[in-house]
Amino acid sequence: MKIGRKTGPSPPEGQPASTELTAVVEGIRCAGCVSTIEKALRSVDGVQEASVNFASSTAHIHFSPTAATPQKLADAVAAAGYKLVIPENASPSVTYPVVGMHCASCVLNVEKALSRVDGVADAHVNFAAATATVHFQYAPVDAANLARAVADSGYQLIVPKEQTAPADQGPAAHDHARDLTEMVEQSQRAELNDYRRRFLTSGLLTIPLAFLGMSHLVGIAIPHTSNFWLSLFLATPVVWWAGWPFHRGMGKALRHGRADMDTLISVGTLTAYLFSLLVTVAPQTFTPSGWQPSVYYETAATIITLILAGRWMEARAKGKARQAIRQLLELRPPKARVRRDGQIVEVETANLKKGDEVLLRPGERVATDGVVILGNSAIDESMITGEPLPVEKVIGDQIVGGTINTSGSVTYRVEKTGAETVLSQIARMVAEAQGSKPQIQKLVDRIAAVFVPVVILLAVGTFIIWAVWGPEPRFLRAMINAVAVLIIACPCALGLATPAAIMVGTGRGAQLGLLFRNASALEALTSIDTIILDKTGTVTAGEPSVTGEWIAPDLEPSGFWSALTALEERCEHPLAKAVLKRAGSETTIQAVSVTGFQALSGKGIEGVIDGVHWRIGSSVWMAESGVSLE
């Protein structure tokens, strides 16, 4: 089963099956965008439900594969002015290197060339990585046809000698949670860098601009003409370069017959800037007789700088909120030692295949889910079960990727890879929970959908009231107050607060071992006043600790703790760490040498210190050794 497109339960006869798709959405600016994208998706025939998460920039879509396709969904979102980035495993796809690209125009040329090939559903070119990912309608197209189409457009498509296996087979199996996380992070990193660059530039120019605008308040007289032209010089790059994303967003929104937060920002700042420009060029024409000319360059620049700062912090918050999924996926080691053709070779974990025999040494993490076929050991499964003590594993026992081998060496056979593993399913569950919407968010989205038009109407009403009934100069005061309504009413927090809280809450829960199936479960916690825990009769802290000790009267305590420390330092078992933590409070410990050290899986450890044979382990082992604990 591909995680990207999950086939649901069999539908009633005569109805198409339901498919589930999670994809990245580029271009979301505010909560109003969320409603627009959801409407666009729901307008596609076959779409049963569509939910867009502002904080994670993802869309979760349920649709009938017989009526809708990923490409139709992407086209609908594109028609609304945004871009839906379909996960690679949503349809058959192959990624190829591309040579000869130099700019964004090259990207468009390559994408158009690939998209025109029969059988290609979509092509996405990554300029930074110099790769092209081609999505096919039904089955992969001959690579020679793709290379020929790219060559005709002036570029070169590099075709590997051995084509990659299908997405659901062998070492090329895609991990949807990992792929989606990487796609989102790449998009958000680019957004973060862009906002930081624009904010720093606008901030450096706005500081002297604000001083010029407020110089009269500190008793510094600057001639109006010099002040105005210098302010124009400083404000122009802030308004037109640093603020360009807002103006571009407004243009895109207007072309599709809608208004969003960028519209408020752009209209407000351009109004202040253009009015100031006219006053600078012809001051007496645009100010009444006897009224001292005034410009508002610093107002436009300050607004853009502050909102860029907010966007920068918002992008950083969204990036940090996704760290939980990244940390989960990083629990898997990058490489594994595999027995192939009678030799032990080290391979990338992503390239493991079902049936591979992996050698696991003490202290290493399990690379992927499998079954023990040789040896025995104790595996720390606390990341899965929460139990602090390792679980004994013998031949035939199942082991889970990401868990830690504490003692013996074992060999296990790979049974699951990629998206099939327990760890990937946990990451997918966290990602889906972060992308789901509680009831309160749905209410917020409905409000945000009409928020911007209402604010614009209020700004127009404010302008009319001040222009008709306000004191002189009426037009100037009407313009200033209308701009104030537009700027102050930006609904940033309205659209971001709830999804950001969901992402942080579910992500932090995953780090602590608490998994939420969806946002509604998290929302339901507000009404819970009693929690009943069923954990084998105990509630643990997640790690063992020494609660007490008894030392035989004829044994010197300092010698006991010195020997105990020397032996336990050679062991990776969680109980050894607990004993060492307790021994650390002793001040009489001395360094001693150990010979003949052994770690016996399921029993304990032993060694010789100054001719004395020490054993530390279970009561069963002690009884087998003839040691009386009475």
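The values are calculated or read from the model by the stated rules, or taken from the named source; none is laboratory data. It should be emphasised that the depicted structure is a prediction, and the values quoted were computed from it without experimental measurement. Ideal geometry is used to build each Cβ from the backbone, glycine not excepted, and the neighbour counts take in all protein chains shown. Note: accessible area is taken over every heavy atom of the protein model, side chains too, but ligands, DNA and RNA are not part of it. Shrake-Rupley method; radii C 1.70, N 1.55, O 1.52, S 1.80 Å.
Summary table below
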| quantity | calculated |
| --- | --- |
| The stretch 394-407 residues that are farther than 17 Å from residue 383 by Cα, paired with ones that are open to solvent by less than 50 Å² (accessible area, probe 1.4 Å) and part of a loop (DSSP other than H, G, I, E, B) (beta carbon under 6 Å, 6 or more apart) | 407/601 |
| Scan of the stretch 173-210 for residues that are under 14 Å from residue 311 (Cα atoms), modelled with pLDDT under 80 and not small (Gly, Ala, Ser), ordered by number | 188, 189, 191 |
| Checking residue 552 against (1) open to solvent by 40 Å² or more (accessible area, probe 1.4 Å); (2) part of a loop (DSSP other than H, G, I, E, B); (3) at pLDDT below 85; (4) aliphatic (A, V, I, L, M), the condition it does not meet | (1) |
| When residues of the stretch 121-151 are limited to those that are open to solvent by 30 Å² or more (accessible area, probe 1.4 Å) and part of a helix (DSSP H, G or I), the one modelled with the lowest pLDDT | 151 |
| Filtered residues of the stretch 54-77 (kept if at pLDDT below 80 and in a strand (DSSP E or B)) | 63 |
| Residue within the stretch 342-355 that is open to solvent by 20 Å² or more (accessible area, probe 1.4 Å) and under 21 Å from residue 603 (Cβ atoms) present | no |
| Looking only at the stretch 555-572, and only at residues there that are open to solvent by 60 Å² or more (accessible area, probe 1.4 Å) and of a type in the set (Asp, Glu), the one that is modelled with the lowest pLDDT | 572 |
| Residue match in the stretch 602-623 (condition: modelled with pLDDT under 85 and not in a strand (DSSP E or B)) | yes |
| Set 213, 170, 154: member being surrounded by fewer than 18 Cβ atoms within 10 Å (Cβ to Cβ), modelled with pLDDT under 75 and more than 30 Å from residue 422 (Cα to Cα) | 154 |
| The stretch 306-322 residues that are outside any helix (DSSP H, G or I), paired with ones that are at pLDDT below 75 and of a type in the set (Ser, Thr, Tyr) (beta carbon under 8 Å, 6 or more apart) | 322/56; 322/181 |
| Scope the stretch 360-377; condition crowded, with 17+ Cβ neighbours inside 10 Å, more than 31 Å from the chain's Cα centre (by Cα) and closer than 24 Å to residue 425 by Cα; matching residues | 372 |
| Complete set of residues in the stretch 25-50 that are part of a strand (DSSP E or B), buried (at least 21 other Cβ atoms within 10 Å of the Cβ) and under 18 Å from the mean Cα position of the chain (by Cα) | 25 |
| Selection status of residue 579, at pLDDT 85 or above and among the hydrophobic types (A, V, I, L, M, F, W, C) | yes |
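Results for (1) touching a residue at least 40 places away in the same chain (Cβ under 8 Å); (2) of a type outside the set (Phe, Trp, Tyr); (3) loosely packed, with under 11 Cβ neighbours inside 10 Å; (4) in contact with a helix residue (DSSP H, G or I) (Cβ under 6 Å, 6 or more places away or on another chain), shown as yes or no for each residue.
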position: 546; (1), (2), (3), (4): no, yes, no, yes
position: 574; (1), (2), (3), (4): yes, yes, no, no
position: 579; (1), (2), (3), (4): no, yes, no, yes
position: 582; (1), (2), (3), (4): no, yes, no, no
position: 585; (1), (2), (3), (4): no, yes, yes, no
position: 606; (1), (2), (3), (4): no, yes, no, no
